[in-house]
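The next block holds one structure in the form of structure tokens; read it before the comments.
The values are calculated or read from the model by the stated rules, or taken from the named source; none is laboratory data. Because the structure is a prediction, the values reported are computed rather than measured. Glycine gets a Cβ as well: all are built from the backbone with ideal geometry, and neighbour counts include every protein chain shown.
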């Protein structure tokens, strides 16, 4: 067993209740590292093509990385993956918190779940054991009740419970999975996949200590990091204001998604800012395993929107999606809606974008008061926003259509609604404006799981001296609005780097090149070496990241996706409604050229976007080249 | 000016006698590093396509790298490059010794020579100055006389003189350049390019100390290396037996090129071995700048083949090319022939292969005694071998045809001689058998300058735990006779790594993965950082290597070379005459497949071998993509 890992991967078939423990050799772990690549290994090897995401045949994978569980800031993330019911592509979503480390402490690097339980169940994983437990009595409960009931039943108040809420049970296509009621594997509808398997929750508790190659070195780094975090402006401001620390500056730049991306400035931005939250409803801060940054918010919303602090508080994405994107300026209401999402198990980004879509449909009279059971969801209608969250979660009224996500909903509604549906491959666009950070256009278009803001470092990072913070031979800073071949190159390299993080299980805020980073490249290498004993060069590391991106691409190619799916909502090719600057649109031809260049740089056929055989062999995944279903 | 460099590049036009000093910014140096990539920068930018290599328009470039002149073992090499008169491709050849460091100490990182002097001249470069001096009286002299005359004239006995001999003057297509009469830029006929420009020699002397970012660190490394070399078996045995240390083990494996590659075992191998040399004619050892390994031989051959120790002694390549390949077992004669090559300025490899070719023609009665002025050059005819060296150098009799190299000579001779001409793209095959080290087949076929043994780490290195000595994600050792896609991947990565050395100016024996290496990857990074202040990751480093390979490929594509030129002499696709093992041939179909895979892995069109536009942008040389002549 390699150092740094639990050494076991468990497969659970919910149909047969068969549990299989698998062990892999050190080379396997080193090649895939974990997380994204590990999940893709199983999805490519074991999932047949064209499977319905809600079929028992779909596989739901919880995969930690080599870094998950190292007692250092930012080393706590894990991946949940499956074929996504929102996009029909490879679906993935990451969370920090405590579940991933706990899974490793319980003896498992990853969990591969297949089949469908006859009736609702939950899994109880502890110290190398897996129990399948009845959940009929919990079915229908919100995440908090679910968590509490399970902890009581198993007699383990400190177990980490990853649960779905009613939204997941009802197969809302953007239902999520939450542990401790606030750490969300938010995107791609993986909560609905869990629901489709009658799997209400997974509880884990483990007492096993991970074996590291050099624990002393980790202790040393931990001491250094504890002090460093206190001294660094990035972590400090993130602790103070959470991820929302960026909201006002984005608004300043005219890049705060507002009213379904019609505008880039929100006149009430200050009212929904991280600063305002800190002044008003913030009651506490939470961190993830091993991390002293504490960027997570804990809020207590006020009348008439009282909230339960156990559900945490809104991230930047949530503030923008349920706030500015819906034209809503009531921080209490947004926090309340955030709580509903966490209780029902809804992705806040997709929820906000779906509601903003509904609002624009309403403003354009494509949907009417009647469709909304009497609500008048204009942009800015706080009450309507909150109500719609609940209607979606419960699939009530129009909520039943909206629960399908904006792509399917707009097709069902028709009458031009499609042009208000802000999604890529069916996944709702997150709260970052590609019109002002232009390589984000490529990120959204080419992300294997639809529009996603965590696929790549954002362009604003590239405006500084990149070479100093991430020495990959990018010697010249480039403007955020640049979309030249140089930017595509930068994007390609950074894409690999961030993909690496998703294999490692590392938080993208914790390691360079993020401005709030704690660790630099050489420290990251030290950390992995201390954990595993492997002296990974940056070459080998980037190749793991690249391997994972290309594996995901192969998954999607197999599912029938083509380059034509790598596009953006038309809105991004046009300027904002209110002019905020000359460059504030994606030039279509430049975008198309960039896309082809990106394919080429990735070793994919520039005309089709399909990974070449040579690239697969070069990435040491020749077995995909020979894959019968390709 | 970046640390570690002299900071100036000088262009000398011999037609106009114009001297131009050019300065480049730090990013330029960091992107190309030096040597190979630097030379290609000028050849691609400034040389028009289809220029005759002997035309005044051809450019002859002497380029050091960032490592050249660092006072550490193995940091002393430099590149000479031009369009090659032997191959019409990009031509390059490297030497260690002292000339490269001295050039930097004199103030210049590189020397770009164009035009043609009206009458013979030499250059005298000292302390930031360039003088063009008359060489009419030296023309025709051997390298030793040339060197002595020049040193006397300039009053600088310790100047380093890179000179051509009579062979270069007579445009022997494999004439070389030698400094100190024994350090050769041997291959590709660059001495003939020098001759075509009426440039007899370049003398350099410099008193300038290089500025390093961290000289202390270099001093520390030097101390460590001095001790390490004493303790390491690799450097120790190389000091003891020179590069010839491998001769007997290659013979043992059946991979010692013998009788023009008809055989793989030479019955007299022991008589021409490094061990035998050490016992008999070895009188001293020489090293290169900063290097205590002292792998260079100094010999004193005995009657009737007395040799002058100032011409050094034979390397492995020479022992095999003029020895086993010609069936010659007389160490004194080989040393004598080696001296002739160094005196006349002939590449010993091409000379040996050309003579072996002539011998096979003679044995097959394609050439007769008459053609050889009465000589009977059967394999093993020592006297004929020695005579032919001189006839080639002087273009006497059949020597005039042989001086064109085996490709042209065989075409001129006809009558089936072509099948005995062991070359790729016109360059004679060096003394390593691709039939037993199969990725060498790819190296020979795809090397930008024809068959070359310094393009890649040889397969035998890949049989050990590569990951430990060069962590690039190659996790599984592969047999030397493997030519699977995994081997192609390994080859591709190692190709980039070795190309990097040619940009750095680093000796391939000094740095991992060579078994006689002194420094490992992390030390190489330390060295570059200490010299320049740049914290180059292995990613950035490999990309420099890859960039240079691809630039060279672009040069050749521009000159009209296609994938059809990436092939091998037919002989290698067949077993040895005397059966030495089942696997001892290159399987043609496997070879073709590997070639396509290699192209693909390099980001070149797998069907044409032409670098894609995306790859050029990815390597940050988009200017080549826009290159009008492409």
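Kindly check whether there is at least one residue in segment A:72-82 that is touching a residue at least 24 places away in the same chain (Cβ under 8 Å), more than 14 Å from every other protein chain (Cβ to nearest Cβ) and over 18 Å from the mean Cα position of the chain (by Cα).
Going residue by residue through segment A:72-82, those that are touching a residue at least 24 places away in the same chain (Cβ under 8 Å) are A:72-82.
Checking which are more than 14 Å from every other protein chain (Cβ to nearest Cβ) leaves us with A:72-82.
From what is left, the residues that are over 18 Å from the mean Cα position of the chain (by Cα) are A:72-73.
Looking for residues that are touching a residue at least 24 places away in the same chain (Cβ under 8 Å), more than 14 Å from every other protein chain (Cβ to nearest Cβ) and over 18 Å from the mean Cα position of the chain (by Cα), one finds at least one in segment A:72-82, hence yes.
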### Task
Give just the number: which of (1) more than 30 Å from residue A:324 (Cα to Cα); (2) at pLDDT 95 or above does residue A:231 not satisfy?
(2)
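If the requirement is being within 25 Å of the chain's Cα centre (by Cα) and surrounded by 15 or more Cβ atoms within 10 Å (Cβ to Cβ), which of these qualifies: B:217, B:200? Let's see the steps before the verdict.
On the way: B:217 fails: within 25 Å of the chain's Cα centre (by Cα).
That would be B:200, the only listed residue that is within 25 Å of the chain's Cα centre (by Cα) and surrounded by 15 or more Cβ atoms within 10 Å (Cβ to Cβ).
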### Query
Which one of the conditions (1) farther than 30 Å from residue B:227 by Cα; (2) touching a residue at least 40 places away in the same chain (Cβ under 8 Å); (3) buried (at least 20 other Cβ atoms within 10 Å of the Cβ) does residue B:313 fail to meet, given that it meets all the rest?
(1)
#### Entry: Residue in segment A:432-454 that is in contact (Cβ under 8 Å) with a residue 60 or more places away in the chain, within 14 Å of another protein chain (Cβ to nearest Cβ) and under 22 Å from residue B:473 (Cα atoms) present
no
### Summary
Restricting attention to segment B:356-373, the residues that are closer than 23 Å to residue B:329 by Cβ and either without any contact (Cβ under 8 Å) to a residue 24 or more places away in the chain or part of a helix (DSSP H, G or I) (or both) number exactly 9
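For segment B:570-579, does any single residue satisfy the condition of being free of Cβ contacts under 8 Å to residues at least 12 places away in the same chain, in contact with a helix residue (DSSP H, G or I) (Cβ under 9 Å, 6 or more places away or on another chain) and assigned to a helix (DSSP H, G or I)?
There is no residue in segment B:570-579 that is free of Cβ contacts under 8 Å to residues at least 12 places away in the same chain, in contact with a helix residue (DSSP H, G or I) (Cβ under 9 Å, 6 or more places away or on another chain) and assigned to a helix (DSSP H, G or I).
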### Summary
Within segment B:611-625, the count of residues that are within 24 Å of residue A:621 (Cα to Cα) and either more than 10 Å from chain A (Cβ to nearest Cβ) or assigned to a helix (DSSP H, G or I) (or both) comes to 4
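Condition check: more than 8 Å from chain A (Cβ to nearest Cβ), more than 16 Å from the chain's Cα centre (by Cα) and not in a helix (DSSP H, G or I). Does residue B:517 satisfy that?
Working: more than 8 Å from chain A (Cβ to nearest Cβ): yes; more than 16 Å from the chain's Cα centre (by Cα): yes; not in a helix (DSSP H, G or I): yes.
Yes.
From the list B:475, B:442, exactly one residue is crowded, with 20+ Cβ neighbours inside 10 Å and out of contact with any strand residue (DSSP E or B) (no Cβ under 6 Å at 6 or more places or on another chain). Which is it?
On the way: B:475 fails: crowded, with 20+ Cβ neighbours inside 10 Å.
Step by step, each of B:475, B:442 is checked, and only B:442 is crowded, with 20+ Cβ neighbours inside 10 Å and out of contact with any strand residue (DSSP E or B) (no Cβ under 6 Å at 6 or more places or on another chain).
Every residue in segment A:465-486 that is in a loop (DSSP other than H, G, I, E, B), under 19 Å from residue A:517 (Cβ atoms) and free of Cβ contacts under 8 Å to residues at least 40 places away in the same chain, please. Show your work before the answer.
We begin by selecting, within segment A:465-486, every residue in a loop (DSSP other than H, G, I, E, B); these are A:465, A:470-484.
Remaining after also requiring under 19 Å from residue A:517 (Cβ atoms): A:465, A:470-472, A:474, A:477, A:480.
Scanning segment A:465-486 gives A:465, A:474, A:477.
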### Query
In segment A:131-150, how many residues are surrounded by fewer than 20 Cβ atoms within 10 Å (Cβ to Cβ) and either part of a strand (DSSP E or B) or over 26 Å from the mean Cα position of the chain (by Cα) (or both)?
7
### Query
Just to be sure, is residue A:112 in a loop (DSSP other than H, G, I, E, B) and under 24 Å from the mean Cα position of the chain (by Cα)?
no
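Here are B:576, B:561, B:555: which of them is buried (at least 18 other Cβ atoms within 10 Å of the Cβ), more than 14 Å from chain A (Cβ to nearest Cβ), farther than 25 Å from residue B:486 by Cβ and more than 26 Å from the chain's Cα centre (by Cα)?
Details: B:561 fails: more than 26 Å from the chain's Cα centre (by Cα); B:555 fails: more than 26 Å from the chain's Cα centre (by Cα).
Checking each option against the conditions leaves just B:576.
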### Task
Tell me which residues, restricted to segment A:553-569, are under 25 Å from residue B:605 (Cβ atoms) and in a loop (DSSP other than H, G, I, E, B).
A:561, A:562, A:566
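So, of the residues in segment B:5-48 that are within 14 Å of chain A (Cβ to nearest Cβ) and free of Cβ contacts under 8 Å to residues at least 12 places away in the same chain, which turns out to be farthest from residue B:548 (Cα to Cα)? Even if it seems obvious, please write down each step before you answer.
As a first pass, look at segment B:5-48 and keep what is within 14 Å of chain A (Cβ to nearest Cβ): B:24-33, B:37.
Among the residues that remain, those that are also free of Cβ contacts under 8 Å to residues at least 12 places away in the same chain are: B:25, B:27-28.
Working: B:25: 19, B:27: 16, B:28: 14 Å.
For segment B:5-48, the residue satisfying everything is B:25.
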#### Entry: Every residue from segment B:531-552 that is part of a helix (DSSP H, G or I) and facing another protein chain (nearest Cβ under 10 Å)
B:538, B:539, B:540, B:541, B:542, B:543, B:544, B:547
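Does any residue of segment B:597-610 turn out to be away from chain A (no Cβ under 14 Å) and in a helix (DSSP H, G or I)?
Taking segment B:597-610 as the starting set, the residues that turn out to be away from chain A (no Cβ under 14 Å) are none.
Taking every residue of segment B:597-610 in turn, none turns out to be away from chain A (no Cβ under 14 Å) and in a helix (DSSP H, G or I).
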### Query
Given the conditions (1) surrounded by fewer than 24 Cβ atoms within 10 Å (Cβ to Cβ); (2) farther than 15 Å from residue B:571 by Cα, and given that residue B:427 satisfies all but one, which numbered condition is not satisfied?
(1)
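In the list A:538, A:488, which residue meets the criterion of being at pLDDT 95 or above and under 30 Å from residue A:211 (Cβ atoms)? Give the derivation first.
On the way: A:488 fails: under 30 Å from residue A:211 (Cβ atoms).
It is A:538.
Yes or no: residue A:493 within 14 Å of chain B (Cβ to nearest Cβ) and either more than 25 Å from the chain's Cα centre (by Cα) or within 30 Å of residue B:626 (Cα to Cα) (or both)?
Spelling it out, residue A:493 is indeed within 14 Å of chain B (Cβ to nearest Cβ) and either more than 25 Å from the chain's Cα centre (by Cα) or within 30 Å of residue B:626 (Cα to Cα) (or both).
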### Message
If I filter segment A:522-530 for residues that are surrounded by 23 or more Cβ atoms within 10 Å (Cβ to Cβ), within 14 Å of another protein chain (Cβ to nearest Cβ), within 20 Å of the chain's Cα centre (by Cα) and in a helix (DSSP H, G or I), do I get at least one hit?
### Response
no
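Please specify each residue of segment B:11-46 satisfying the condition of being part of a loop (DSSP other than H, G, I, E, B) and surrounded by 22 or more Cβ atoms within 10 Å (Cβ to Cβ).
Let us first name the residues in segment B:11-46 that are part of a loop (DSSP other than H, G, I, E, B), namely B:14-17, B:23-25, B:33.
The answer is B:33, and nothing else.
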